[in-house]
1. Can you tell me which residues in segment 123-145 are within 16 Å of the ligand (Cβ to nearest atom) and either farther than 24 Å from Asn204 by Cα or over 16 Å from the mean Cα position of the chain (by Cα) (or both)?
2. If we keep just the residues of segment 193-203 that are open to solvent by less than 60 Å² (accessible area, probe 1.4 Å) and under 21 Å from the mean Cα position of the chain (by Cα), which is farthest from the ligand (Cβ to nearest atom)?
3. How many residues are small (Gly, Ala, Ser) and without any contact (Cβ under 8 Å) to a residue 40 or more places away in the chain if we restrict to segment 108-129?
4. Among (1) over 18 Å from the mean Cα position of the chain (by Cα); (2) near the ligand (Cβ under 9 Å from one of its atoms), there is one condition Ser148 misses while meeting the rest; what is its number?
5. Would you point out the residue of segment 233-259, among those that are open to solvent by 30 Å² or more (accessible area, probe 1.4 Å) and within 22 Å of the chain's Cα centre (by Cα), that is modelled with the lowest pLDDT?
6. Which of (1) open to solvent by less than 60 Å² (accessible area, probe 1.4 Å); (2) more than 26 Å from the chain's Cα centre (by Cα) is the odd one out, the single condition Pro321 does not satisfy?
7. Suppose we filter segment 260-290 for residues that are assigned to a loop (DSSP other than H, G, I, E, B), of a type in the set (Asp, Glu) and open to solvent by 50 Å² or more (accessible area, probe 1.4 Å); how many remain?
8. If we keep just the residues of segment 178-192 that are open to solvent by 30 Å² or more (accessible area, probe 1.4 Å) and not polar (S, T, N, Q), which is nearest to Pro214 (Cα to Cα)?
Amino acid sequence: MVDRSTLTDPERVALYRTMVLIRTYEEAILREYHADKSPGFDIGAGLVPGEMHLSAGQEPVAAGIGAHLSADDALTATHRPHHVAIAHGIDLRAMTAEIFGRETGLGRGRGGHMHLFDPATHFSCSGIIAEGLPPALGQAFAFQRAGSDRVAVAVTGEGAANQGAFHESLNLAALWQLPVVFVVEDNDWGISVPRAASTSVASNADRAAAYGMPGVRVEDNSVEGVWQAVGEAVGRARAGDGPSLIEVHTLRLWGHFEGDAQGYRSDLEGVPGRDPIPTYRDALLAGGALTEADATAISAAAVDRVEDAIAYAKSSPIPDPADALAYVFAEGARS
Ligand SMILES: Cc1ncc(C[n+]2csc(CCOP(=O)(O)OP(=O)(O)O)c2C)c(N)n1
């Protein structure tokens, strides 16, 4: 049995490394997304077309989940998917090419940043909020039927936790004791709607009791708290003890989407001081798990990987317009 009560220093550094890779990635996408757009931009224009929802500040959730999963486990995410995909080990080049709308992308450039599908790591996401939960149930059901110890994890936002699909999924998962873990990212905002204006309970973890499953809320955007809660929930799921619900109080560091002026936002003061990456780096430095030289090397390695992926995407071909209707149906699916 894995000891989930304490992390070793190498495990802590691994969590930090994942968070730095994610942040480096999001900063690069931010740069590329805005590079050729004018103020008041047309979201269809430029190298990276379409809307863009970045995950800076929410790295602890992704790192804490990713540490417990292998590519055999399934993971479903939302319209804000990059952090979760990266922590699950998705191929950075193919993901970036997808975001840039290139033929070498995960979905041949047809899906874009909200529709990343990767059979190699059993990863998927969708722009329809709470849409990731029902497919995670299906995957968990298949794992259970096959008698395997694989698990499915579904990540969703606190706004989406008020959708019918969320509640229906929790009910069925508990009824069938499926090996699934639901993780709610509470970043306080559903676009411009504060949590208090959308959600009837202070903690979504309390909703777990209504469906007869364990519920835990992790405070303070703590990567180690996420690691522990997800580790316990994944352990239960692998052992055949059914689903769990975890809510993490996290932080949306940037706008809901790129171009969001956030005029509605009342909680921005003090946000830099709550940035989980420098906070965790300082804690690891103080505890001796990390040296300044390690931190510098981790950042440099992340930049190398991310810039390689960006260069790959930019040099990849744009799909041929003549193929616009290809891949809509699986070959042979229509008789
Ligand atoms: C079914 C559906 N309804 C509405 C929308 C529009 N929409 C996109 S993101 C969003 C808010 C999501 O908030 P939350 O679940 O808290 O996730 P966050 O954006 O904070 O990560 C909404 C309403 C949608 N994409 N899908």
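1. Our first condition is that a residue be within 16 Å of the ligand (Cβ to nearest atom); within segment 123-145, this holds for 124-136.
Once the filter is applied, which keeps residues that are within 16 Å of the ligand (Cβ to nearest atom) and either farther than 24 Å from Asn204 by Cα or over 16 Å from the mean Cα position of the chain (by Cα) (or both), segment 123-145 yields only Pro134.
2. First pass over segment 193-203, keeping only residues open to solvent by less than 60 Å² (accessible area, probe 1.4 Å): 194-195, 198-199, 201, 203.
Subset that is under 21 Å from the mean Cα position of the chain (by Cα): 194-195, 203.
Working: Pro194: 10, Arg195: 8, Ser203: 15 Å.
The extreme case among them is Ser203.
3. Let us first name the residues in segment 108-129 that are small (Gly, Ala, Ser), namely 109, 111-112, 120, 124, 126-127.
Within this subset, residues satisfying the condition of being without any contact (Cβ under 8 Å) to a residue 40 or more places away in the chain are 111.
The number of residues fulfilling the criteria is 1.
4. (2)
5. Result: Gly259.
6. (1)
7. Quick first cut of segment 260-290, residues assigned to a loop (DSSP other than H, G, I, E, B) only: 260-271, 275, 288-290.
Checking the rest, the ones that are also of a type in the set (Asp, Glu) come to 260, 267, 269, 275.
Narrowing further to those that are open to solvent by 50 Å² or more (accessible area, probe 1.4 Å): 269.
Number of matching residues: 1.
8. Step one: list which residues in segment 178-192 are open to solvent by 30 Å² or more (accessible area, probe 1.4 Å), which gives 188, 191-192.
Then drop every residue that is not not polar (S, T, N, Q), which leaves 188, 191.
Values: Asp188: 22, Ile191: 28 Å.
The selected residue is Asp188.
The values are calculated or read from the model by the stated rules, or taken from the named source; none is laboratory data. Since we're looking at a predicted model, the values are computed, not measured. Note that each Cβ is placed from the backbone with ideal geometry, even for glycine, and that neighbours are counted across all protein chains shown. Just so you know, the surface numbers come from the protein's heavy atoms only, side chains and all, with ligands and any DNA or RNA stripped out. Shrake-Rupley method; radii C 1.70, N 1.55, O 1.52, S 1.80 Å.
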